[in-house]
1. Counting only other chains, what is the mean number of Cβ atoms within 10 angstrom of the Cβ of each residue in peptide B:41-53?
2. Once both labels are modelled 7 Å past Cα along the beta-carbon direction, what's the residue A:94-residue B:56 spacing in nm?
3. Under 19 Å Cα to Cα from residue B:167, which aspartates and glutamates show up? Leave out anything in the same chain fewer than 8 places away.
4. Could you compute the net charge surrounding residue A:10? Neighbours are other residues with a C-beta less than 15 Å from the C-beta of residue A:10; K and R count +1, D and E count -1.
5. Just to verify a number: FRET efficiency for residue B:129 and residue B:13, C-beta to C-beta distance, R0 = 45 Å, to 0.05?
6. Does anything in segment A:107-133 have its amide N under 14 Å from the 7 Å Cα→Cβ label point of residue B:25, and if so which residues?
7. For the pair residue A:223/residue A:7, report the inter-label distance in nm, with labels modelled 7 Å from Cα in the Cβ direction.
8. Taking the Cβ of residue A:33 as the center, what net charge do the other residues with Cβ under 12 Å away carry, scoring Lys and Arg +1 and Asp and Glu -1?
Amino acid sequence: MTTDYRKITRDGLWDNNVVFTQMLALCPLMAITTTATNGLGMGLAVIAVLVASNLIISSCRNIITQEVRIPVFVLLIATLVTLADMIINAWLHELYKVLGLFIPLIVVNCSVLGRAEAFASQQPVPASILDGFMMGLGYTLVLVLLGGCREILGSATLFANASLLLGQSFAFLEITLIPNYKGFLLMLLPPGGFLVLGFLLAGKRVLDKYLQDKKARVSISVNTDAQSSRASA
Amino acid sequence: MPTQLFQPGYRQQLGYHTLLLGGFALLTSTALGVANRLTHADIAKRLAEDLQVTLQQVIPNSFYDNNLATDTVTIKSADKETIAYRARREGQVRAVSYQVTGNGYGGTSIVLIIGVDHNGTLLGVRAVSHAETPGLGDKIETSKSNWIMSFNGRSLSNPQPDGWAVKKDGGVFDQFTGATITPRAVVRAVKGGLEFFATHRAELLDERAIVLAPATPASPTLASPVESTQRPNHS
């Protein structure tokens, strides 16, 4: 049995997306996506922790028994997050000032435990690493998308303070769409997060349905073509 | 790809589970302990640098030639301890800096750091941390608005005590559009900070020759700047 890496990638990014399909990790999502930059920062931290936790849990999967797996996973994830917090604080302090807020939030991000339980505890190491990365990337995409929408509507900027997170060379990302914008406070508060997420979810459903219908129509027309050619022959 | 095809019998026993969980707890706590030892000193250094940067914002560097972050005095008042950082020049305390806390919107804390010179005049106020509404109350941050600069040069006699309020309440300080609670809390906290200075002036300024005050309870009066505290100096 071979591992279907393409399926893992598709699942992580779209079909089984952490937010859009699994509906996990919504609490940190609502809390920090007031700007696209915040979303990106949180996303990067989640990718790192997901990959590390999937890697460790997958490599220990044969010695961890069913009965004590949950406390072991929780221990490992909490340790990883704390280690990340300490290391970034000590040696990447500038980044910590921007990301510091998000790192403890990863502990309450149930997608990490979710992937450990649903994937890494049953799959070989390379597949688990890919799954962690793709799930993290899928989460990051949603974070940036939601953060971007809320930021544009709420304060008419995009990627504000990106240079603090990524370094001065990324200052070009910072865009002010409307100077002297008065601000649309609702979008920056949690209700705005729920509203935008609702629209994004609806959008994904519509798009999925459209793609499905198109696929169905194509296969029907192929069938009828085949039939008509057989009839004429 | 199912993994647990083969499960040896010992794995089903209680002892194995206990050892497994205990083993992981030992491993993870060792990892944390080692990481803490490795990063502890660096983290402390970074925090000290951050403190230094904050202090430099509220005390101009012409006021001191010492290390602000290490020259401290702890003052115990009724309910809490305040750590004050002293700015000395040629051994004399020229200014002090300490944190004050205000009650922001919804009862959350607004932590401010203020710098006061030896006459009780404000050199600077900065918000250290707060949970005010984004877009409304967060104008107390220097990155959003320079409102907080309006405290520079103020003291308990400038304006007079009844002027220490936002304009809406008859005072001299601007409120922001749509947000009164936050500026009101900040004004009150800064005033409280200046009263704290007036009360603990001798300790804060490290004045060895303490002027004996009348045996009345310490009150934050403005008239006599050197007064009240007869406590032993903690420095």
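The values are calculated or read from the model by the stated rules, or taken from the named source; none is laboratory data. Treat the numbers as computed from the prediction; the structure is a model and nothing was measured. Please note: Cβ atoms are built from the backbone with ideal geometry, for glycine as well, and neighbour counts cover all protein chains shown. The protein model used for the area step is the full one, side chains on, heavy atoms only, and it has no ligands, DNA or RNA in it. Shrake-Rupley method; radii C 1.70, N 1.55, O 1.52, S 1.80 Å.
1. 2
2. Roughly 1.5 nm, to one decimal.
3. Straight-distance partners of residue B:167: B:138.
4. Value of the local net charge: -1.
5. The value I calculate is 0.30.
6. none
7. Computed distance between label sites residue A:223 and residue A:7 equals 2.4 nm.
8. Values: positive: A:150; negative: A:151.
After counting each charged neighbour, the total is 0.
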